[in-house]
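Trainee: There's a structure below that I have some questions on.
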Amino acid sequence: MDRYAGFLEEVADETRQQERHYQLLSALQSLVKELPSSFQQRLSYTTLSDLALALLDGTVFEIVPGVLEIQHLIEKSLYNQRLRLQNEHRVLRQALRQKHQEAQQACRPHNLPVLQVAQQRELEAVEHRIHEEQRAMDRKIVLELDRKVADQQSTLEKAGVAGFYVTTNPQELMLQMNLLELIRKLQQRGCQAGKASLGLGGRWPPPAAQYDQEGSPVPP
């Protein structure tokens with residue numbers, strides 16, 4: 001009797017899983033229609049089905065916000081670093097300009113051409129330094145963002161999210177960005193309707209009633 005009850009529970013659980021998978025897959029298929037046609041063609045039924053399977057237990061819904069938040073914090077930090085460097089360069093230019101003006105005012109007229117040549121060389125040297133420091137900062141930003149993207153790709157690949165693996169191919173990166181956006185929108189809609197709609201039971205809410213044409217949540 002117990003074995004029979006256990007078997008019925010397994011069947012019921014499998015049915016619930018299939019229903020949750022269907023709900024997630026249907027929602028993903030609806031969201032994909034909002035993407036550019038070039039990406040719609042790449043997101044096959046199999047890919048969306050595999051993505052829906054990865055979302056079933058809710059783990060990915062917990063991972064993605066953390067991944068995006070870390071990315072946001074890093075981008076903000078790097079932006080602030082570049083902004084500070086730009087401010088330092090602006091101060092440096094202002095100080096040099098003032099120094100040159102004061103030197104010219106104190107210079108005897110017959111020595112002015114020689115002074116101006118020396119100041120021009122100094123100005124060019126400072127501009128070269130500024131240019132190199134900006135290039136170094138930009139390289140640092142690109143490398144840091146590349147490392148973070150690779151970390152995100154690896155994390156999501158290990159979580160079994162379809163379409164994610166470590167790559168620097170621009171087309172694949174754009175596809176992965178669209179997949180993340182699908183998950184994010186899916187999560188937003190589920191959160192608004194309660195956790196039950198994240199594949200934990202219940203029916204999926206009609207998307208058009210809660211979101212505008214761009215997929216942004218409409219305030220109640």
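The values are calculated or read from the model by the stated rules, or taken from the named source; none is laboratory data. Here the structure is a predicted model, which is why all the values come from computation and not from measurement. No Cβ is skipped: glycine too gets one built from the backbone with ideal geometry, and neighbour counts run over all protein chains shown. SASA here: full protein model, heavy atoms, side chains in, ligands and nucleic acids out. Shrake-Rupley method; radii C 1.70, N 1.55, O 1.52, S 1.80 Å.
Trainee: Which order do the peptides 106-119, 85-98 come out in when sorted by mean C-beta neighbours inside 10 angstrom, highest first?
Mentor: Per-residue Cβ counts within 10 Å, averaged per peptide and sorted highest first, yield 85-98, 106-119.
Trainee: Under a Cβ-Cβ cut-off of 15 Å, what is the net charge of the residues other than Leu48 that fall near it, where Lys and Arg count +1 and Asp and Glu count -1?
Mentor: Cβ neighbours under 15 Å give a net charge of +1.
Trainee: Within 14 Å, Cβ to Cβ, of Pro170, how many net charges do the neighbouring residues add up to if Lys/Arg are +1 and Asp/Glu are -1?
Mentor: Value of the local net charge: -1.
Trainee: Another question, then. So what are region 17-118's ellipsoid semi-axes, whole angstrom, largest first, if each one is the square root of 5 times an eigenvalue of the alpha-carbon gyration tensor?
Mentor: Here the semi-axes work out to 64, 16, 8 Å.
Trainee: Compute the relative contact order of region 1-191 as a whole-number percentage, counting only Cα pairs closer than 8 Å that sit 6 or more residues apart in sequence.
Mentor: Normalised by residue count, the contact order of region 1-191 is 31 percent.
Trainee: Below 19 Å Cα-Cα, how many Lys pairs turn up in region 1-191? Only count pairs eight or more apart in sequence, or on different chains, if you could.
Mentor: Summing the qualifying lysine pairs gives 5.
Trainee: List, in order, the whole-Hz ³J(HN,Hα) value for each residue of region 35-47 obtained from phi through the Karplus relation with A = 6.51, B = -1.76, C = 1.60 and θ = phi - 60°; use x for Gly and Pro.
Mentor: 7, x, 4, 4, 8, 4, 5, 7, 8, 6, 4, 5, 4
Trainee: Something else now. Calculate, in nm to one decimal, what His72 and Glu127 gain on full extension: separation in residues at 0.36 nm each, minus their alpha carbon distance.
Mentor: Length difference between fully extended and current span is 16.6 nm.
Trainee: Under a point spin-label approximation (7 Å from Cα along Cα-to-Cβ), what is the Gln17-Val142 distance to one decimal in nm?
Mentor: With each label placed 7 Å out from Cα toward Cβ, I get 4.6 nm.
Trainee: Now a separate question. Can you send over the carbon and sulfur percentage of the accessible area for region 1-191, probe radius 1.4 Å, protein chains only?
Mentor: 54 percent
Trainee: Taking θ as phi - 60°, what are the ³J(HN,Hα) couplings along region 113-127 by the Karplus curve (6.51, -1.76, 1.60), each to the nearest whole Hz, with x for Gly and Pro?
Mentor: In residue order, the calculated couplings are x, 5, 4, 5, 5, 5, 5, 5, 5, 5, 4, 5, 5, 5, 5 Hz.
Trainee: Subtracting the Cα-Cα distance from 0.36 nm times the residue separation, let me have the gained length for Gln134 to Arg97 in nm, one decimal.
Mentor: 11.3 nm
Trainee: Averaged over every viewing direction, what's the projected area of the C-alpha convex hull for region 1-191? Give it in nm², one decimal, please.
Mentor: Orientation-averaged projected area of the Cα hull: 16.2 nm².
Trainee: In addition: Using each residue's phi in region 161-177, evaluate 6.51 cos²θ - 1.76 cosθ + 1.60 at θ = phi - 60° and report the 3J(HN,Hα) Karplus result to the nearest Hz, with x for Gly and Pro.
Mentor: 7, 4, x, 9, 6, 6, 7, 10, 5, x, 5, 5, 4, 5, 5, 5, 4
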